[in-house]
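Undergrad: Once you've had a glance at the structure underneath, I'll fire off some questions.
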There are 2 protein chains.
Amino acid sequence: MGIPERKNREKQALRERILGAARRIVMREGFGALSMRKIADAIEYSPATLYLHFASRDDIARALCEEGYAQLLASFAPAAHIEDPRERLHALARAYVAFGREHPQTYRLIFMEDPSYTGAALRSAQQNGELDEAGDAAFRMLTDALDALKASDRIPADADSAVWAEALWATLHGIVALSLTCPVFPLAPLETVVDTAFNAWFGAPSTSRGGKPVDVAPAMRPSVTAARARKRKAPSS
Amino acid sequence: MGIPERKNREKQALRERILGAARRIVMREGFGALSMRKIADAIEYSPATLYLHFASRDDIARALCEEGYAQLLASFAPAAHIEDPRERLHALARAYVAFGREHPQTYRLIFMEDPSYTGAALRSAQQNGELDEAGDAAFRMLTDALDALKASDRIPADADSAVWAEALWATLHGIVALSLTCPVFPLAPLETVVDTAFNAWFGAPSTSRGGKPVDVAPAMRPSVTAARARKRKAPSS
DNA sequence: GTCTATAAAGTGATAGAC
DNA sequence: GTCTATCACTTTATAGAC
């Protein structure tokens, strides 16, 4: 029974060639420039052949989104091992923004083009694990870190981790998306903006190792987070 | 010399009809569905005529962006009169998000489509005033409020208002943009996300004020599948 | 100024031969 | 499984008649 397996492998291989060519076109010319003919030309097959592997151009776009999203998740891996939740979150934030800047067309395709594309990417990430409420792994990385921060009293005790995670994600998306589309954003270095937002959310990093964050201005009214942000300025990187 | 003036008026009037038709198409079907032919059909002129008024489809798109951006700025006006800088900022934030949600296609066109469109919108707003560095009026509304907060010690003294303003804008853009493109965002009510982000930035609202406390219903998150069920139409711009 | 007519170049997708 | 050939459109933009 080796022949059907070989045929299957060959079919799979062509599928990969199609996706590879499509990915290269998107990276170089943007998703708008992706057409079935262009892909076919690139791999030296006829356009009709593509339809043996993908039902439509949208189908190819969604497959690219799944790939890209997996790549984004993979870029979080180094951060996952950082013990301190604040540092971990910061590393995640930097990784997220870095991915968007390094793969602008891919990021656009996944998160700025079409809801069905974004949906395909997100769904692909949770189709293997059990489908609990919170959903995908990356989101849980955020909520876990936020829970840890809450447990160690570094964000307000009544903070809803899920909502904070959503808002935090939106912030990072906003920084990436705006920097990809708005010619005058950011004026300040991108990392300064990221760090400014991060410090506004979670306060300036604690100065002394192991020490609890210093209470600087006990008389101020704003919440713990805002009060802690009072400490210092944003470093780049 | 009244005749040239009348002709000029008539020419201007047709220009407005073109833009009006274009705007309606974008609002109803999205920018992707905007074509010269469709505009021409809508106003019962030939496609060729459009080129007497606009050099290209991009040119029309940019004009729409300028209109839309002016509309966005206008929606800030009520907030401008609020005295307390924190309340003012909060009202601005809500107005920004409301505009994006109420005119999704217009918001997309201005801020999520093409850098040249975004640039056209931003440039149009400052072409009358003096062109100082900070740029447009809306941005200055942010920095002014932030400066006031800093003066009354409600944000860190060393905060760079310009950078904070950029980061804050990015946060709001992220919330709007993600909610327009990501099927599962937000799970929590949109206003909860906005308020959560706002309170993370500026602390919980002043205690004795009638304002709403931060976190409302931590447990009411709808399930992912439920959130996914709602499909995305193209409502009004 | 506005029209008709058309150029020139795409597009996604499919039928049917091999 | 892959091809050729093609359908049935779409698009922006322009030339030249009136």
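Every number here is computed from the coordinates shown, using simple stated rules; none is lab data. Since we're looking at a predicted model, the values are computed, not measured. Cβ sites come from the backbone with ideal geometry, for glycine too, and all protein chains shown count toward neighbours.
Undergrad: Using a Förster distance of 45 angstrom, determine the FRET efficiency expected from the C-beta separation of B:Ala151 and A:Arg37, and round it to 0.05. Write down the numbers at each step before the final one.
TA: Working: r = 61 Å, r/R0 = 1.35.
The value I calculate is 0.15.
Undergrad: Going out from 0 in 10 Å bins, what whole percent of all Cα-Cα distances in segment A:79-175 drops into each bin?
TA: The calculated distribution, bin by bin, is 14, 43, 35, 8.
Undergrad: Can you put A:His53, B:His90, B:His81 in order of Cβ neighbours within 10 angstrom, beginning with the fewest?
TA: Values: A:His53 18, B:His90 21, B:His81 8.
By the 10 Å Cβ count, ascending: B:His81, A:His53, B:His90.
Undergrad: So if we plug the beta-carbon distance of B:Ala13 and A:Ser75 into 1/(1 + (r/R0)^6) with R0 = 41 Å, what FRET efficiency do we get, rounded to 0.05? Spell out each step's value before the answer.
TA: Numbers: r = 54 Å, r/R0 = 1.32.
Using R0 = 41 Å, I get an efficiency of 0.15.
Undergrad: Something else about it: Across segment B:192-205, in residue order, what do the Karplus-derived ³J(HN,Hα) couplings come to in whole Hz, using 6.51 cos²θ - 1.76 cosθ + 1.60 with θ = phi - 60° and x for Gly and Pro?
TA: Running phi through 6.51 cos²θ - 1.76 cosθ + 1.60 with θ = phi - 60° gives 5, 5, 4, 5, 4, 4, 4, 5, 5, 6, 10, x, 5, x Hz.
Undergrad: For the residue pair B:Glu87 and B:Ala48, what label-to-label distance in nm results when each label sits 7 Å from Cα along the Cα-to-beta-carbon direction?
TA: 6.1
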